[in-house]
Amino acid sequence: MQIYKVGGAVRDRLLGKPVTDIDWVVVGATTEEMLAKGYRPVGADFPVFLHPKSGEEYALARTERKSGRGYGGFTFHASPEVTLEEDLIRRDLTINAMAEDDQQNLTDPYHGQRDLEERILRHVSPAFAEDPLRVLRVARFAARYAELGFKVAPETLELMRQLSESGELEALTAERSWKEISRALMEDQPQVFIQVLRDCGALKVLMPEVDALFGVPQPEAHHPEIDSGIHTLSVLEQSALHKQPLTVRWACLLHDLGKGLTPEAEWPRHIAHEHKGLTLIKAVNERFKAPKDCQELALLVGQYHTHGHRALELKASTLLELLQSFDVYRRPQRFEEFIVACEMDARGRKGLEQRSYPQADYLRGAANVARGVAVQPLLEKGFKGLELGEALKRERLKALKAYKESAAS
Ligand code: CTP
């Protein structure tokens, strides 16, 4: 048997990037031989094994044939006769279809090295279509390597378009899609991921609510970029520039979905878009089974981002309601994430990327003031249960009024 390093490990070494995990392909071996050498099988039907010591993945060279729709529809054909070239041709991109032996000799039948040099993300063969998840993968690689100047080859974009139109994307499971989406959002240029999905028509299928924002105008005075879709991409870009966590990036992507529902006659204004967007945010959250913290923050940012921008003008009672809605007493981190999402929203506007956002510190201060109201004196006065809750609210309101006055003076 011959063993080769394949995929991302070869690609990233040639790019001079750190290699995190290594995948191996084994040519000329049977399952029985692998088991005899102590490799552990990953699953019953999968010709993939884990190395007994390193735990790295070793896959038997295989060809894939599709027997049905979606991911469950794969059958694998692995046998000692399958050659390295036959294995590589079924992979997604030429830059991922190179193999290296233990002497670092490169096997590159599909010109991955040339495409690396020319900064092109190009599919290897029509077998690309065997796995529709690759549409998301290519968009993710485009986001990851955008800073190096990589672009999707026109013929690959065309194939991605055909796959998007074919209905195959609908068959992807929420788990597989979310894994790609969440990884893509954590790249340095996540807006490129969304842009590439849009360019090939996949965004319309995966997140029609986000796609619908493109072509929808906003008032130029607040949004010099005008287009709601462009604004969303810029907010996402800002969230990555400021190294925000996934929760914030997800909330940034979904914060303005309500603008896609505004009747044209009302353009460029978007009355109550915050509230209107909530059902859409919920739908996207559920479609991808996003983790609970992402779901929660997206809904809260969707509902309250305008409150964030108007923080300094809010009445003390409205400020208190905002703080209560976020449960800032038990969930301080979530409120902080809301604040930064609002800040990204304010900066994701053409020419306003460097603006200051005094609302952020004002909101932090307000949360501290509300949290600073002590319960003990109220307990000592004999308040209990609901009455205690009401008394606490009154005290917090009083403190917020004083805070607002001192901030204004
Ligand atoms: N692969 C593929 N199609 C997929 C998934 C994986 O062709 N849907 C192939 C590619 O050759 C890829 C390799 O399997 O390089 C390993 O896949 P994976 O570990 O998911 O990705 P990497 O390319 O290693 O990239 P990353 O750095 O994002 O992990």
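The values are calculated or read from the model by the stated rules, or taken from the named source; none is laboratory data. Small disclaimer: the values here were computed from a predicted structure and weren't measured. We place every Cβ from the backbone using ideal geometry, glycine too, and count neighbours over all the protein chains shown.
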Which of the residues belonging to region 144-177 are surrounded by 18 or more Cβ atoms within 10 Å (Cβ to Cβ), within 20 Å of the chain's Cα centre (by Cα) and in a helix (DSSP H, G or I)? R144, A146, M160, S164, L169, S177
Residue hits (region 79-107; touching a strand residue (DSSP E or B) at 6+ places or on another chain (Cβ under 7 Å), in a loop (DSSP other than H, G, I, E, B), modelled with pLDDT of 95 or more and within 15 Å of the ligand (Cβ to nearest atom)) are D92, M98
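Any chance you could count how many residues in region 108-126 are farther than 18 Å from L159 by Cα and within 10 Å of the ligand (Cβ to nearest atom)? Even if it seems obvious, please write down each step before you answer.
To start, the set of residues in region 108-126 that are farther than 18 Å from L159 by Cα comprises 108-109, 111-114, 116-119.
Right, trim to within 10 Å of the ligand (Cβ to nearest atom) and you get 112.
The total comes to 1.
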Pairs please, first residue from region 88-99 and under 16 Å from V138 (Cα atoms), second anywhere and within 7 Å of the ligand (Cβ to nearest atom) and among the small types (G, A, S), Cβ atoms under 7 Å, 6+ apart in sequence or on different chains. R91/A97; N96/G7; N96/G8
Going through region 4-27 one residue at a time, which ones are more than 7 Å from the ligand (Cβ to nearest atom), surrounded by 16 or more Cβ atoms within 10 Å (Cβ to Cβ) and either part of a loop (DSSP other than H, G, I, E, B) or under 26 Å from the mean Cα position of the chain (by Cα) (or both)? V10, R13, I22
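Being more than 23 Å from L14 (Cβ to Cβ), in contact with a Lys or Arg (Cβ under 7 Å, 6 or more places away or on another chain) and of a type outside the set (K, R), is that true of even one residue in region 142-156? Explain how you work it out, then say what you get.
Our first condition is that a residue be more than 23 Å from L14 (Cβ to Cβ); within region 142-156, this holds for 154.
Subsequent filtering for residues that are in contact with a Lys or Arg (Cβ under 7 Å, 6 or more places away or on another chain) retains none.
For region 142-156, residues more than 23 Å from L14 (Cβ to Cβ), in contact with a Lys or Arg (Cβ under 7 Å, 6 or more places away or on another chain) and of a type outside the set (K, R): absent.
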Would you be able to say whether some residue in region 334-342 is farther than 22 Å from E296 by Cβ and surrounded by 12 or more Cβ atoms within 10 Å (Cβ to Cβ)? no
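For region 325-368, give me the residue count where each residue is over 18 Å from A402 (Cα atoms) and in a helix (DSSP H, G or I). First the steps, then the outcome.
Filtering region 325-368 down to residues over 18 Å from A402 (Cα atoms) leaves 325-358, 360.
Add one more test, that the residue is in a helix (DSSP H, G or I), and what stays is 325, 332-347, 358, 360.
Residues in region 325-368 being over 18 Å from A402 (Cα atoms) and in a helix (DSSP H, G or I): 19 in total.
Could you check how many residues of region 264-312 are assigned to a loop (DSSP other than H, G, I, E, B) and at pLDDT 95 or above? Spell out how you get there, then give the answer.
The initial filter retains those residues of region 264-312 that are assigned to a loop (DSSP other than H, G, I, E, B), namely 267-272, 277, 288-291, 310.
Applying the additional criterion that residues be at pLDDT 95 or above yields 267-268, 277, 288-291, 310.
The number of residues fulfilling the criteria is 8.
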How many residues are free of Cβ contacts under 8 Å to residues at least 24 places away in the same chain and either polar (S, T, N, Q) or more than 16 Å from the ligand (Cβ to nearest atom) (or both) if we restrict to region 168-181? 0
All but one of (1) without any contact (Cβ under 8 Å) to a residue 12 or more places away in the chain; (2) in contact with a Lys or Arg (Cβ under 7 Å, 6 or more places away or on another chain); (3) not hydrophobic (A, V, I, L, M, F, W, C) hold for P263; which doesn't? (2)
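Name the one entry in A129, A143 that is within 13 Å of the ligand (Cβ to nearest atom), in contact with a helix residue (DSSP H, G or I) (Cβ under 7 Å, 6 or more places away or on another chain) and in contact (Cβ under 8 Å) with a residue 40 or more places away in the chain. Walk me through how you get there before you give the answer.
Details: A129 fails: in contact (Cβ under 8 Å) with a residue 40 or more places away in the chain.
Every option except A143 fails the conditions.
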